[in-house]
Amino acid sequence: MTSRIHSRSVRPSDGERGAALLEMPLFLGFAIIPLAFMILTIPTWLQGVHAANDAAAEGARAFLLSGGDPDSINRTVRATEVSNGLPVGSLTVSSAAPVAGVGNDVRITVDVTLRAVFFFDLGSFVYTGSHVERYPTYVRTPR
């Protein structure tokens, strides 16, 4: 006896015809587009974080190297904005406790406002970068 193999073609039931036309836009709308916005947003966050940290560190160092000039902090913060391609005024010095003296700590805190989602003005958050620079104890005190 020979056995016959019956082949049946698999056809979708009538209720599934054209479902891909609906599934593809839904997939793009709920998965791909938010992922694309996150890919575009995260680098801008990192740029702002690094700019705030750099501005705080360089501002503290500039204050010490200038011999205690308080304007050196703002000049350094503006230079950091320019070097990072940020608009003028995007980095703000929220607190500065500079005292030029042997053994004193110079603490600079810089705030930057970052958008929650790139391209949209859906909200923002503030990142604060700070740095403490200790005035060297074995260096001549500025007069």
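The values are calculated or read from the model by the stated rules, or taken from the named source; none is laboratory data. Here the structure is a predicted model, which means the values were calculated and not measured. Note: ideal-geometry Cβ built from the backbone for every residue, glycine included; neighbour counts use all protein chains shown.
Structure summary
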| item | result |
| --- | --- |
| First in region 105-127 and in contact (Cβ under 8 Å) with a residue 12 or more places away in the chain, second anywhere and among the acidic types (Asp, Glu) and assigned to a strand (DSSP E or B), Cβ under 7 Å, 6 or more apart | 106/133; 126/111 |
| Meets criteria (over 16 Å from residue 134 (Cβ atoms) and among the basic types (Lys, Arg)) for residue 115 | yes |
| Criterion violated by residue 30 - all others in (1) part of a helix (DSSP H, G or I); (2) in contact (Cβ under 8 Å) with a residue 60 or more places away in the chain satisfied | (2) |
| Every residue from region 46-73 that is without any contact (Cβ under 8 Å) to a residue 40 or more places away in the chain, in a helix (DSSP H, G or I) and not charged (D, E, K, R) | 46, 47, 50, 62, 65, 72, 73 |
| Top-ranked residue of region 102-128 - restricted to ones that are closer than 24 Å to residue 67 by Cβ and modelled with pLDDT of 85 or more, ranked as nearest to the chain's Cα centre (by Cα) | 110 |
| Single residue of 56, 19 found to be aliphatic (A, V, I, L, M), surrounded by 10 or more Cβ atoms within 10 Å (Cβ to Cβ) and at pLDDT below 85 | 19 |
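A quick yes/no check of all residues on (1) loosely packed, with under 11 Cβ neighbours inside 10 Å; (2) in a helix (DSSP H, G or I); (3) at pLDDT below 85; (4) among the acidic types (Asp, Glu):
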residue: 34; (1), (2), (3), (4): no, yes, yes, no
residue: 44; (1), (2), (3), (4): no, yes, no, no
residue: 75; (1), (2), (3), (4): no, yes, no, no
residue: 80; (1), (2), (3), (4): no, yes, no, no
residue: 92; (1), (2), (3), (4): no, no, no, no
